[in-house]
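Working notes, beginning with the structure itself.
The values are calculated or read from the model by the stated rules, or taken from the named source; none is laboratory data. Bear in mind that the values here come from a model prediction, so they are computed numbers and not experimental data. Here the Cβ positions follow ideal geometry from the backbone for every residue, glycine too, while neighbour counts run over all protein chains shown. Protein only, heavy atoms only, side chains kept; ligands, DNA and RNA dropped before computing areas. Shrake-Rupley method; radii C 1.70, N 1.55, O 1.52, S 1.80 Å.
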Amino acid sequence: MLDKTFNPTEAEPRLYKKWEDSGAFQPKMDTSLEAYSIVIPPPNVTGNLHMGHAVNNTIQDILIRFERMRGKDVLWQPGADHAGIATQMVVERKLATEGKARKEMGREEFLSHVWDWKKESGGNITQQLRRLGASCDWSREKFTLGNPEDPSDKMAEAVTKAFVEMYNDGLIYRDKRLVNWDPHFQSAISDLEVETKTVNGHYWHLRYPLADGVSYAHPIMDEDGNVTGHETRDYLVVATSRPETMLGDTCVAVHPDDERYTDLVGKEIILPIVNRRIPIIADEYPDPEKGSGAVKITPAHDFNDYEVGKRAGHTPISILNEKAEILPLEGIPQDLHGLPVKRARKNVVAYFERAGLLNHVEDLQIEQPVGDRSGVIIEPLLTDQWFVDTEKMAADAMDAVEDGRTEFFPANWKKTYDHWMNNIQPWCISRQLWWGHQIPAWYGPSISKDPISSMNHYYDFDNPIIFCAATEEELHKNAFEYYSNIKMPDGTPAIGGGTNIVPDRATAIKYCNDPDGAGMYYIQLYRDPDVLDTWFSSGLWPFSTMGWPEQTPELERFYPGSVLVTAFDIIFFWVARMMMQGLHFMGDVPFKQVYIHALVLDEQGKKMSKSIGNTIDPLDLIDGIDIEGLVEKRTRGLKNPDKAPQVAKATRKAYPDGFEAFGADALRFTLAAMAGMGRDIKLSVERIAGYRNFGTKLWSAANFGQMNACQPQADFDPASVDLALNKWIISETVKTSAEVTRCLEAYRFNDAADAAYKFAWDTFCAWYLELSKPILSGEDAGQKSETQATFAWVLDQILKLLHPFMPFITEELWGKIGEGRDEMLILTAWPDLSDSLIQEAASADIDWLQTLIGNIRSVRADMNIPPSKKAPLLMLADKLDPRLAAYAEQLSPMARVEHVELADTAPRGALQTVVDGVTYAIPLEGLIDLGEERARLAKEIEKIEAEIAKIDKKLSNPNFTDKAPPNVVQIQHDRKTAFVEEKLKLEEALGDIA
RNA sequence: GGGCGGUUAGCUCAGCUGGUAGAGCAUCUCGUUUACACCGAGAGGGUCAGCGGUUCGAACCCGUUACCGCCCACCA
């Protein structure tokens, strides 16, 4: 006897440990097997498991377990991402609560804090993945930043090598360009990290006075746009949503074809406040239809203006520092110095107003760029940064998808991918942060201004590197030949990087381990202080995790990966970059297929977000949580704490009892069953409960098997069974396993889950189990043992088919059922059953039996016959169907049939039903109201007539009979024949009563 | 402004190659038997968003409209 139900809280950790300890997650590295590999989308070390991870990893684990059971040599490569900005932010915040500031403690100390923090809580997410059942090979766990304590770890070396090679190939360059600057982090960020937010804003229409007494006639228009007159103006009106940037204007631009301003091109205006003379230029950029048609140009603080300024040959004037405060430049009034943008704006507008130069203010919605992490307004800023020239790489990456080397599922995502690749911009890869791969470029003062790059010293952050040698010649050799020789395009130093530092002889002596230092040559180099964009190293993930740049057996065997499983929101961030870098460094795509899965939304269809308070923690569904705990969790992270009562109320209403401990299997099955292609998942807790019940159902069926001695037989041959019932269930098993296999191969997880569910619950539990009861408790030993063996075999197949979805409960049952079976389910072979096992004749018998039982149940229920009332079953025919006798033992409990006999006509007061053209009567004199039975029959007939009418309409249409394929027409003929026959029988039955 | 997706039972969603509209939950009725009440049996419930087209035949293909959601985009 098994326990009453499966106890996930107890069993799941135990089973997981058993798998992991046994090495079941590790690839065999057996070259005779087909390789199958997936690299995990590395979760942020800062992260905790959320619903997105849960779907993502459930799907990967389903595929991995499926392919592992199919006998492939499987690698699921796990690891975590250092997540530069996110992690630095988290640790900085934590230190702030201890009263410590990052900048005060310095780089080295800060980083040691981050590493400490990573050691402490960086393992959370991987532990949580284990709770889900993820069968990754943890012995190969990697971290995008590498492991400084493990000399064999190549993750950091891979990044350096990638950077150096791309530099040498001209794909990485350093440039002073306008970049998206996040004033909170005081770092550049990439285009992708900028979000646009629509806010209520204004356009300020400013008057710029024309210099040298120039004036012009400005047309006055009526409402319809007709010119009604002219007004003499000695100023130009420009509209802007950023008035404070006027401090950095270098010109005003008008369209060359704009006749209003033709005469003004080449003239100058006096820029108010700073009293600078700037020209009026002609450029294609301004749209005469918009605003006044004249545009103020601030090249240093606007992407469009930058281009206009460049065309006009103007030097951009930066007016903001890295905190987005006004720089103390000459010409800018003292009282603006150091003001943050918002306050500066107010003051600038006030200046214009006082000077009578504020034409008017227009209210409207404007698009504001904000940092996706910091949430602050992004300022375009002119800085020195490292860039990747993405154009060629993007073209290669697009070709690879175009020619099918990499395939998207669902295929629509190719469009999104192509669109982005087609519009790709240079990728800014430097970040002014500390947590990350420090850029492997050094700026040297004495010997050369060129930076050189190193394959070593990744973690030598603040200190200069000092090269020492006894001779100058040797020094050159050490410093330049040893390292890859990076040439700077213009020799400009990094932001904040040391340059032209006088070598410190004492330090050199210390480093060179030469107490005397006499006759020593040395140079001192400073490393670029910036780090690389996290996604630069994530882009290498598919091969860096496998040991690249070394040519390892893993790389040989598991690159390219079989499939990448991810949500669409990181197609650009990650998928695109892996494609580009994989193709560049490996000469091949990083994965053959990309499966893009749905996003998990809350039950209202909104994105889950801590700041809104609508998240559901997957672990709470696994372990359970009471309502108080849930409310506390949801209100804790709110962006707007005032909303707490509202969130609490909504939470209590939605989940008055919190969550039960559904277990990982139920959650996984739900996610799989809801993961239809190309659609979002609105998570339903009710469905999780339903699939938990499914687990219990399975458990209970196994218990039934145990009670009836249904032990798996190692030598069981499904082709050898005699009973139709067993032939039928074996046939159904074959069909289902083929269906589940087909669906999994096509990433149709919901269909695969459905097919397995229906088979296990409806076919096996509801029918086979019930139909087998009389045999299992019967006298015929041969039939009994055959059925016991068949039962056990089918249950084993069910456990296998369900294992990828519900690994824990299936493994537990597998162990409990098969005493002495030493192989774990995770490593058994996937059902690969021959079609020859499908026996249609046996199936037809059982189909008939199911229909008969169904009809009897239905008519009895319709007429409110209590199940306790058994009745005979009369077959109205000349000869008794032998199947009635054969299945009498099943008909008795399932259809409440007392006994079976032959009759000429239905006795008065009998229910009648038709199966396969034969009328059956159930005499229930006195228990049924004849009027009601008449009405019931009449209704049945009516339904059939409607069907017949529909079919007739088709068949009488010559277009249909002529043009439709013959088999389709035949089906309709057959259906009609069956309906007509049934109708006749029912009419006879009705006649009997009347 | 460009692109993508959605609209099917009260709710949440399936519906693969165009050929008899399905499931779970909820609702209603009834619960006997050697697994299971986290259960069993049965029932009701549909203008497949609207309009037009292609087709012998459309939930499905094409066009269009409406509403909802998402992504991308430099409109001063």
Within 10 Å, count the other beta carbons around each residue, average over each peptide in A:651-662, A:178-189, and list them highest first. A:178-189, A:651-662
Please compute P(r) over all alpha-carbon pairs of chain A, binned at 20 Å starting from zero, and give each bin as a whole-number percent. 11, 30, 29, 18, 10, 2, 0
Give me the Kirkwood hydrodynamic radius of segment A:246-317, using the inverse of the mean 1/r over all pairs of distinct Cα atoms, in Å to one decimal. 12.0
Kindly state, to the nearest 0.05, the FRET efficiency for residue A:399 paired with residue A:323, given R0 = 30 Å and r defined as their beta-carbon distance. 0.10
FRET efficiency estimate (nearest 0.05) - Cβ-Cβ, residue A:361 to residue A:228, R0 25 angstrom: 0.55
Applying the Karplus parametrisation 6.51 cos²θ - 1.76 cosθ + 1.60 with θ = phi - 60° to the phi angles of segment A:281-295, what ³J(HN,Hα) value in whole Hz is obtained for each residue in order, glycine and proline being reported as x? 10, 9, 8, 5, 5, x, 9, x, 6, 9, x, 8, x, 10, 10
Set A:18/A:653; A:103/A:310; A:72/A:414; A:176/A:342; A:346/A:606; A:197/A:415 screened for pairs whose C-alpha atoms are more than 31 Å apart: A:18/A:653; A:103/A:310; A:346/A:606
Taking 51 Å as R0, compute the FRET efficiency from the Cβ-Cβ separation of residue A:780 and residue A:31 and round it to 0.05. 0.50
For the peptides A:915-921, A:397-403, what is the packing order when you average, over each peptide's residues, the other Cβ atoms within 10 Å and list the highest mean first? A:915-921, A:397-403
Which of rounded, prolate, oblate describes segment A:686-768, given a ≥ b ≥ c as roots of the alpha-carbon gyration tensor eigenvalues and a/c under 1.5 marking rounded, otherwise prolate only if a/b is larger than b/c? oblate
Calculate the all-directions average of the projected area of segment A:687-731's alpha-carbon convex hull, and give it in nm². 4.4
Helix-only CD estimate at 222 nm, as mean residue ellipticity for chain A, using -39500 (n - 2.57) per DSSP H run (n ≥ 4): -13000 deg cm²/dmol
Would you mind calculating the gained length between residue A:904 and residue A:978 on full extension (0.36 nm times residue separation, minus the Cα-Cα distance), in nm to one decimal? 24.5 nm
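Per residue, how much accessible area does chain A show when a 1.4 Å probe rolls over the protein heavy atoms, in square angstrom?
That works out to 44 Å² for each residue.
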Quick one: how many lysine pairs in segment A:717-816 have C-alpha atoms under 24 angstrom apart, if they're 8 or more apart or on different chains? 16
Would you mind checking which residues have amide H under 5 Å from residue A:839's amide H? H placed 1.01 Å from N; only 5 or more apart, or other chain. A:731
Run through the DSSP bridge list for chain A and note the antiparallel percent, rounded to the nearest 5. 75
Carbon and sulfur together cover what percent of the accessible area of chain A at a 1.4 Å probe radius? 48
Arranged from highest to lowest average of other beta-carbon atoms within 10 Å per residue, in what order do the peptides A:968-981, A:235-248, A:618-631 appear? A:235-248, A:618-631, A:968-981
